[in-house]
Structure formats: C-alpha cells, structure tokens
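The values are calculated or read from the model by the stated rules, or taken from the named source; none is laboratory data. Everything numeric here is computed off the predicted structure, so don't read it as measured data. Note: ideal-geometry Cβ built from the backbone for every residue, glycine included; neighbour counts use all protein chains shown. Accessible surface is based on the protein model in full, side chains and every heavy atom, while ligands, DNA and RNA are left aside. Shrake-Rupley method; radii C 1.70, N 1.55, O 1.52, S 1.80 Å.
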Amino acid sequence: MCGRFTLAAPKEQIEEQLLVELFDYKPRFNIAPSQPVLSIISDGEKRKAGYLRWGLVPVWAKDPKIGYKMINARGETVDEKPAFKRLLGRRRCLIVADGFYEWIDEKKKPYRITVNDGIFTFAGLWDRWKSGDDEIVSCTIITTEPNKLMSDIHDRMPVILGEESRKVWLDPGVEDKYIVKDLLKPYPVEEMRAYEVSTMVNSPRNETEECIRSIVE
C-alpha cells in the first residue's frame, strides 16, 4: 500500500515540470490519509492543479468515513470494484509527490523511496460526494505489485507514471479500460532508490524536514 508520502520540491519546479499553476502551495514532509494532496486533472487541452482529500469517498457512500478505508485501489481489480470502476474511464487524476514512505513490518523501520531524486506522479482516481450542503472531493492512489527494490520492503507499491504515461492517463478522450490498465505497472527499479529515515515519520503529527533525512551517514 501507499500510506504516507512527501512533496517538498520548490513550487517553480513543480509548475515547470508538470505544466500547471499552483496556488496555496507549501512543502509537506509527512502527508497522511484524510489530508489534502496536490492533484492534477485535465480537460484534454489544459491541466488544472488543486487539492483533493486523500481517501476516496464514492458518490454513493452513506458515510464519508469510508474514505479512511479507500486511500489505495489495487490496479489489478480497479475495473471491477464498485467504488472505482466507474471512475477509471472518466475521473483519473495525478497525485504529485517527491517521495513516499514504507515500513519494514518486522522492525517497524521506515524508508523513504524516491524516483530520480525529483518530482513524480502517482496514478489516482477521484470522485465528488455530496450530502445536503456538505461536499467532499476526494481521491485514491492506485497500487500494483512491487518491483525488485520495493519487494524487499513491502508487497505492494504505488503506480508511478512517467511523462508519456501521464499524458495518456490524463486524457479524457481515452476511455478504453484496457489502455489505461496497461499503464498500471511497477516503475523501473533502476530509477528508484530507498533509504532509511527516522521513526519520527511514524506519527503524522511530525511534519518537519527532519522526516526526509537519511539516518545513515
């Protein structure tokens, strides 16, 4: 699964690399479920960046607390599950990060995983839930089987989309589920690295630059 990540890159770098304009941006070192996450959608011509609540609340949900159980969606079955299959064709998004955390369960040791030490994007789905005057626009991160690097840490990893895959994923004209599901693959291991970080990241209350520092000199 993917249950915690970071986005501490400079605003200008994100805007230039992902072709968006950002508002109210601030670096984050320990993003947790239920919090707002920087996301990108497209109308086919222009990309739009904004914040979605992490933890999908389907439009049909009776209780928005269901979002706590839907921070991730398995790529292998995303076109079968009621909460996700309707979104795969028309409500895809990118979720922006520059690192994510995973834990080795036996020792509860946290690791931060990066991609070429830069900005990258998770494949995501989003939905809009309303009840009376209440509205929640939320998202989930899609996961897949791990590559060799991640298999030593966890049995799942988030789907990370490269530049060309991002264009397809955001294109609202692409509705064929087989085309988009073909993008849900492990990211190339040679472009990723992992390093151990402080157990302070175990608590989402800790939100400082120290969270992303390697504890190995």
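Figures for the structure shown
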| read-out | value |
| --- | --- |
| Considering residues of segment 134-159 that are buried (at least 23 other Cβ atoms within 10 Å of the Cβ) and of a type in the set (Val, Ile, Thr) only, the residue farthest from Gly75 (Cα to Cα) | Thr140 |
| Unique match (being in a loop (DSSP other than H, G, I, E, B), touching a helix residue (DSSP H, G or I) at 6+ places or on another chain (Cβ under 8 Å) and touching a residue at least 60 places away in the same chain (Cβ under 8 Å)) among Leu94, Leu56, Leu22 | Leu56 |
| Cross-chain or 6+ apart pairs with Cβ under 7 Å, segment 172-183 first and touching a residue at least 60 places away in the same chain (Cβ under 8 Å), then of a type outside the set (Lys, Arg) and surrounded by fewer than 14 Cβ atoms within 10 Å (Cβ to Cβ) | Pro172/Asp43; Pro172/Gly44; Gly173/Gly44 |
| Residue list for segment 8-23, restricted to those being within 20 Å of Thr208 (Cβ to Cβ) and loosely packed, with under 14 Cβ neighbours inside 10 Å | Pro10, Lys11 |
| Qualifying residue in segment 74-83 (condition: more than 23 Å from Asn147 (Cβ to Cβ), of a type outside the set (Asp, Glu) and open to solvent by less than 70 Å² (accessible area, probe 1.4 Å)) | yes |
| Residue in segment 36-47 that is surrounded by 13 or more Cβ atoms within 10 Å (Cβ to Cβ), free of Cβ contacts under 8 Å to residues at least 40 places away in the same chain, over 16 Å from the mean Cα position of the chain (by Cα) and closer than 21 Å to Trp169 by Cβ present | no |
| Test: Val168 is under 26 Å from Arg28 (Cα atoms), within 18 Å of the chain's Cα centre (by Cα), outside any strand (DSSP E or B) and of a type in the set (A, V, I, L, M) | no |
| Selection within segment 182-217 - part of a helix (DSSP H, G or I) and touching a helix residue (DSSP H, G or I) at 6+ places or on another chain (Cβ under 7 Å) | Val189, Met200, Val201, Glu210, Cys211 |
| One residue from Thr208, Thr121 being open to solvent by less than 70 Å² (accessible area, probe 1.4 Å), over 25 Å from Ala61 (Cα atoms) and under 16 Å from the mean Cα position of the chain (by Cα) | Thr121 |
| Members of segment 88-109 that are farther than 21 Å from Met192 by Cα and small (Gly, Ala, Ser) | Gly89 |
| Cross-chain or 6+ apart pairs with Cβ under 8 Å, segment 113-133 first and within 25 Å of Val78 (Cβ to Cβ), then in a loop (DSSP other than H, G, I, E, B) and open to solvent by 60 Å² or more (accessible area, probe 1.4 Å) | Asp127/Val59; Arg128/Val59; Trp129/Val59; Lys130/Val59 |
